[in-house]
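Chemist: Here you go, one structure.
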Amino acid sequence: MKYKIALAGNPNSGKTTLFNCLTGSNLYVGNWPGVTVEKKEGNLRDTNKDITLVDLPGIYSLAPYSMDEIVSRNFLLEERPDLIINIIDASNIERNLYLSTQLMELNCPMVGALNMMDVVKKTGVEIDVREMEKIFGYPFIEISAQKETGIDELIKLVEKTLEIKKLKEFPQIFPPEIMTLFNEFDELLQNKYPEILAGYPRLFRVIKLIEKDEEVLLKIHDNSDLLEDIAVVRKKIEVLSKHDVDSAIADYRYRFITAGISQATRKTKENTIQFQ
Ligand code: BGO
């Protein structure tokens with residue numbers, strides 16, 4: 001069996017360094033179709049499985065505002081990789097996990113590679129990876145791409161995760177009353193507009209429609225009934241959250257991340273080295 005997996009993460013998270021560690025010298029470099037963004041692919045090293053690793057452009061979110069974001073998101077939605085390696089700069093963990101909360105909605109198996117652990121360890125911060133898995137719903141591993149530590153373990157974790165067929169239950173990022181609205185809207189989409197963005201992961205489709213995501217709006221071709229239905233659910237979210245929809249959704253993500261991080265990390269000594 002051939003597997004295609006994606007490496008996704010923020011710019012400067014160490015993605016290029018990790019990609020090189022994971023693939024060694026067997027590398028194919030081209031361009032993403034139709035754009036001048038570089039595309040790198042290589043075979044995962046030290047595994048008996050046939051695994052191609054695709055390096056996605058570094059991105060902060062799955063919003064469609066830059067070519068890098070559009071390329072990454074189209075690949076994830078259209079090519080449906082068998083797994084995502086989400087590289088996270090652990091010295092900047094909260095900000096990096098913002099992208100992770102969006103990747104989680106793609107309904108794709110994922111492993112979290114907590115990079116820059118050489119830096120984090122010097123600051124006396126400890127991360128409980130088992131706790132992280134419990135909270136976020138996918139496994140994590142500590143690595144340093146630069147020092148090449150944790151790489152063999154990451155490859156083993158990828159192999160193991162590829163064999164698990166069932167995804168864990170989606171964690172409670174959004175409060176129950178918001179989740180209820182999302183579920184109701186999902187049901188409405190399935191009943192009234194079954195052809196709209198068919199094949200998209202359900203939660204991703206719901207949130208992107210509610211956010212009136214530019215790329216998604218282009219695909220619904222001014223469907224006025226649907227736009228009205230979106231307006232109704234947006235209003236309900238605004239009333240419940242007392243914020244505009246975009247701020248409310250971002251805020252729920254950050255609250256979930258902050259609570260999760262405070263539960264899964266602890267400081268064992270005073271900070272002597274500043275994070276980069
Ligand atoms: C420079 N630990 C540490 N300490 N640094 C790391 C690690 C790690 O685990 N992983 C990567 N880096 P990219 P993107 C640099 O280039 O892979 C460093 O954008 C420098 N360069 O070495 O490029 C890595 O692909 C001069 O640092 O990231 C690189 O995701 C001085 O993080 C940077 C200091 O890695 C970004 C660092 C001339």
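Chemist: Which percent, nearest 5, of DSSP beta bridges in the chain are antiparallel?
Modeler: Counting only bridges with both partners in the chain, antiparallel ones make up about 40 percent.
Chemist: Which loop-located trypsin sites (Lys or Arg not before Pro) does the stretch 157-195 contain, where loop means any DSSP state but H, G, I, E or B and the Cβ has at most 15 other Cβ atoms within 10 Å?
Modeler: Details: sites: LYS160, LYS165, LYS166, LYS168, LYS192; in loops: LYS165, LYS166, LYS168.
Those that pass, being in a loop and sparsely packed, are LYS165, LYS166, LYS168.
Chemist: Here's another thing I want to ask about it. Could you give me the percent of Cα pairs per 5 Å distance bin for the stretch 176-242, shortest bin first, beginning at zero and ending with the bin that holds the maximum distance?
Modeler: 3, 17, 32, 29, 13, 5, 0
Chemist: Placing +1 on the Cβ of each Lys and Arg and -1 on the Cβ of each Asp and Glu in the chain, which of TYR193, MET116, ASN31 has its Cα farthest towards the positive end of the resulting dipole?
Modeler: Farthest towards the positive end: MET116.
Chemist: Next question, about the same structure. Please list the non-local residues whose amide H lies under 5 Å from the amide H of LEU7, H modeled 1.01 Å from N, same-chain partners needing a gap of 5 or more.
Modeler: VAL54, ASP55, LEU56, ILE85
Chemist: Starting with the fewest neighbours, write out MET1, MET132, MET67 ranked by other beta-carbon atoms found within 10 Å of each beta-carbon.
Modeler: Numbers: MET1 7, MET132 25, MET67 14.
So the ranking, lowest neighbour count to highest, is MET1, MET67, MET132.
Chemist: Sticking with this structure for a sec: Among DSSP bridges having both ends in the stretch 2-166, what percentage is antiparallel? Round to the nearest 5.
Modeler: DSSP beta bridges in the stretch 2-166 are roughly 35 percent antiparallel.
Chemist: If r is the Cβ-Cβ distance from LYS49 to ASP246 and R0 is 41 Å, what FRET efficiency results, to the nearest 0.05?
Modeler: In this case the efficiency is close to 0.50.
Chemist: While we're looking at this one, here's another question. What range in the chain is the longest one free of GluC sites (Glu not before Pro) that are in a loop by DSSP and have at most 12 other Cβ atoms within 10 angstrom?
Modeler: 1-168
Chemist: Which loop trypsin sites (Lys or Arg not before Pro) in the stretch 201-259, with loop taken from DSSP, have no more than 14 other Cβ atoms within 10 angstrom of their Cβ?
Modeler: Hits after loop and neighbour filter: LYS242.
Chemist: For the stretch 3-42, rounded, prolate or oblate, judged on the Cα gyration tensor with a ≥ b ≥ c (square roots of eigenvalues), a/c < 1.5 rounded, else prolate if a/b > b/c?
Modeler: Verdict is oblate for the stretch 3-42.
Chemist: Whole angstrom only: what separates the Cα centroid of the stretch 205-276 from the Cα centroid of the stretch 137-176?
Modeler: 23
Chemist: Hey, another quick one. Amide H of THR149: which non-local residues (sequence gap of 5 or more, or other chain) have their own amide H closer than 5 Å, using H built in the peptide plane?
Modeler: Here the answer is SER144, since their amide H atoms fall under 5 Å of that of THR149.
Chemist: Same structure again: Show me, for the stretch 24-40, the HN-Hα J-couplings you get by feeding each phi into the Karplus relation (A = 6.51, B = -1.76, C = 1.60, θ = phi - 60°), rounded to Hz, glycine and proline as x.
Modeler: Couplings: x, 9, 7, 8, 10, 10, x, 10, 5, x, x, 9, 9, 7, 5, 10, 10 Hz.
Chemist: When a footprinting reagent is the concern and you count Cβ atoms within 10 Å, what order do LEU167, LEU203 take, fewest first?
Modeler: Details: LEU167 13, LEU203 19.
Final ranking by Cβ density, sparse to dense: LEU167, LEU203.
Chemist: Which cross-chain or sequence-distant (5 or more) residues have an amide H under 5 Å from the amide H of GLU126, H modelled 1.01 Å from N in plane?
Modeler: Residues meeting the amide H criterion: ARG266, LYS267, THR268.
All of the numbers you see were taken from the coordinates with simple rules; none came from a lab. Since the structure is predicted, the reported quantities are computational estimates derived from the model, not experimental observations. Quick reminder, even Gly has a Cβ in these numbers, built from the backbone with ideal geometry, and neighbours come from all protein chains shown.
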